[in-house]
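I have placed the structure first, in the form of structure tokens, so that the comments after it can refer back to it.
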Amino acid sequence: MTSVVVNVHTHAATHVASNVLRSIRQIIKGCGLSTAKMLDQWAVLEAGVATWLETGDLEALILEVYDPSDRVDDRRGRFDFTIDYSYYRDGDGELWLDPDTVRRTILKNGSYPSACEYRFVATTKPGRPNVDGWSSTTLRSTAGLERHTVGTAVGGGSLGASLAYYRRSS
């Protein structure tokens, strides 16, 4: 008798981590920002996201966009990939990505001035393992920004990553 054991959670965590990061890269590029900073940080981003998805400690990966030249209010926008660990409990391990969700988000959000910068913030559960290259910080306020929920953009096994974006209120 031969048996095969597949760790579906590990495959799902790797899939979701890779595709959330690819989606963020698509957002950065599509909103007119340079991807150079992200590509320089890719290994650190991937290590943190993959580790915390595997341990169940990642709550969200957030891309904050800001204008460092604005000393009054530097906030320009934000994109949240919120993790749901029970997205598809009875799933068959299917791995998927919805690129249209990301494309629509970019179109709805619009572009940013070239002076804008961005940073990545991971919200995690207390007691999560430390990952080299990541440090503690606080999120910028979302006061004056309007939140728009888009839907689930990436799925794998029981993991899902929903996407929301924030832009200035009109």
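The values are calculated or read from the model by the stated rules, or taken from the named source; none is laboratory data. Predicted, not measured: the structure shown is a model, and the values here were computed from it. Neighbour counts are summed over all protein chains in view; Cβ atoms, including those assigned to glycine, are modelled from backbone coordinates with ideal geometry.
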Considering region 40-94 alone, what residues qualify as being in contact with a Ser or Thr (Cβ under 7 Å, 6 or more places away or on another chain) and hydroxyl-bearing (Ser, Thr, Tyr)?
Thr82, Tyr85, Ser86, Tyr87, Tyr88
If you go through region 94-110 one residue at a time, do you hit one that is over 25 Å from Gly30 (Cβ atoms) and surrounded by 14 or more Cβ atoms within 10 Å (Cβ to Cβ)?
no
Cβ-Cβ under 9 Å pairs, at least 6 apart or on other chains, region 119-142 side within 18 Å of Ile83 (Cα to Cα), far side exposed (fewer than 10 other Cβ atoms within 10 Å of the Cβ)
Val121/Thr138
I need the full set of residues from region 132-160 which are part of a loop (DSSP other than H, G, I, E, B) and of a type in the set (Gly, Ala, Ser), in order please.
Gly133, Ser135, Ser136, Ser141, Ala143, Gly144, Gly157, Ser158
Does region 154-162 include one or more residues that are out of contact with any strand residue (DSSP E or B) (no Cβ under 6 Å at 6 or more places or on another chain) and over 22 Å from Ala43 (Cα atoms)?
yes
Can you spot a residue in region 16-37 that is in contact with a strand residue (DSSP E or B) (Cβ under 9 Å, 6 or more places away or on another chain), farther than 29 Å from Glu94 by Cα, of a type outside the set (A, V, I, L, M, F, W, C) and in contact (Cβ under 8 Å) with a residue 24 or more places away in the chain?
yes
Within the bounds of region 115-129, is there any residue that is surrounded by 15 or more Cβ atoms within 10 Å (Cβ to Cβ), touching a helix residue (DSSP H, G or I) at 6+ places or on another chain (Cβ under 9 Å), small (Gly, Ala, Ser) and within 24 Å of Gly156 (Cβ to Cβ)?
yes
Quick one: in region 132-161, which of the residues that are more than 17 Å from the chain's Cα centre (by Cα) and of a type in the set (A, V, I, L, M, F, W, C) is nearest to Thr14 (Cα to Cα)?
Leu145
Look through Asp132, Asp80, Asp57 and report the one residue that is charged (D, E, K, R) and either at pLDDT below 95 or within 24 Å of Ser34 (Cβ to Cβ) (or both).
Asp80
